[in-house]
1. Which trypsin sites (Lys or Arg not before Pro) does the stretch 175-252 hold that lie in a coil by DSSP with at most 10 other beta carbons within 10 Å?
2. At what distance in angstrom do the alpha carbon centres of the stretch 179-213 and the stretch 149-174 lie from each other?
3. So if R0 is 25 Å, what FRET efficiency would LEU224 and ALA79 give, r being the distance between their Cβ atoms, rounded to the nearest 0.05?
4. For the stretch 1-110, which GluC sites (Glu not before Pro) are both in a DSSP coil and crowded by at most 11 other Cβ atoms within 10 Å?
5. Where in the stretch 2-43 does the label zone of ASP212 land, with the point 7 angstrom along Cα→C-beta and an amide N cut-off under 20 Å?
6. I need the calculated FRET efficiency for the pair THR167 and ARG249, taking r as the beta carbon distance and R₀ as 45 Å, to the nearest 0.05.
7. Of SER73, SER140, SER82, which has the largest mean-square fluctuation in a 10 Å C-alpha GNM of the chain?
8. What distance in nm separates the simple spin-label points at THR241 and ILE192, each placed 7 Å from Cα in the Cβ direction?
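None of the figures in this text is laboratory data; all of them are computed from the coordinates on show. Here the structure is a predicted model, which means the values were calculated and not measured. Backbone-built Cβ (ideal geometry, glycine too); neighbour counts: all protein chains shown.
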Amino acid sequence: MPKLDGEIAFVTGATAGFGEAVAGLFVAEGGRVVASGRRADRLEKLRSRLGDRCLTIALDVRDRHAVEAAVSSLPEDFAEISILVNNAGLALGRAPAWEADIDDWETMIDTNIKGVLYCTRAIMPGMVARDRGHVINVASVAGNHYGPGGPVYGATKSFVTQFAMNTRADLKGRNVRVTSISPGMSETEFDIVRTGDPDVDFYEGFKAMSADDVAQVLLDVVALPPHVNVNTVEVMPLAQTFGPRLVHRGPP
Ligand code: NDP
């Protein structure tokens, strides 16, 4: 029995990683998917793999007007979006705040924060009007725990969770669910984008999560009965855990 019969999902960042896996799984579960991302060639391949129940749109989530135009011009059989997966995002660099490239910060803020805002603002009115929907924001463990090597990336992901839960509070009394999912280390193109090194391998020697693992978590959250709202989920590979008490000993 397909779990997403009758559902229409709008998935951002569907040209790779989690978004691509979510698009495939949601179509396999009987849903229809509007899959978006910037790379048109990847979208074309996705469309031929997934067939007619997948509509692809080349879209940069940083472009507010393009997001609004894409959502308002969806064909009838994809127009009534019932699931929004705000997944498009990236980390750039690992430099501390006093050395980081400000352009990298701007790109992360524009993509991870403003992209989520634009897509939510464009799609949520339809969910509210139909009194039916589920928004899932992809945050990160980096937004839940303090740590070195990416002060702005983690902060953008804290925003994503806070925005999701504040929005959920505003939706009181309506049949629109909101979930923020915070994955840990997952083997996608994320670290290639982060470092700019196509050969980077952070996953050697342990079993990271796959994009399919994370897509399964999203499906499980969506497939719960409509009166059940999973607020936040944090999910890590078993091999990843928490740090010890870190103290600098010695002269300041
Ligand atoms: P990938 O790099 O594999 O995929 C990222 C996706 O985001 C691509 O489809 C990319 O498409 C899209 N994207 C990036 N910028 C834009 C943009 N401006 N407009 C539209 N789409 C964009 O990474 P993941 O699948 O791992 O990442 C997905 C989400 O999960 C991100 O938000 C990431 O921060 C988060 N995350 C990842 C973790 C990991 O360990 N992998 C852990 C925790 C969270 P295109 O380039 O074609 O536009």
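1. When the trypsin sites (Lys or Arg not before Pro) of the stretch 175-252 are filtered for loop state and at most 10 Cβ neighbours within 10 Å, ARG245, ARG249 remain.
2. First find each Cα centre; the distance between them is then 22 Å.
3. Result of the calculation: an efficiency of 0.50.
4. Listed in order of number, the matching sites are GLU99.
5. Counting only backbone N, you get 2-4, 14-31.
6. My answer for the efficiency is 0.55.
7. SER73
8. My value for the distance between the label points is 3.2 nm.
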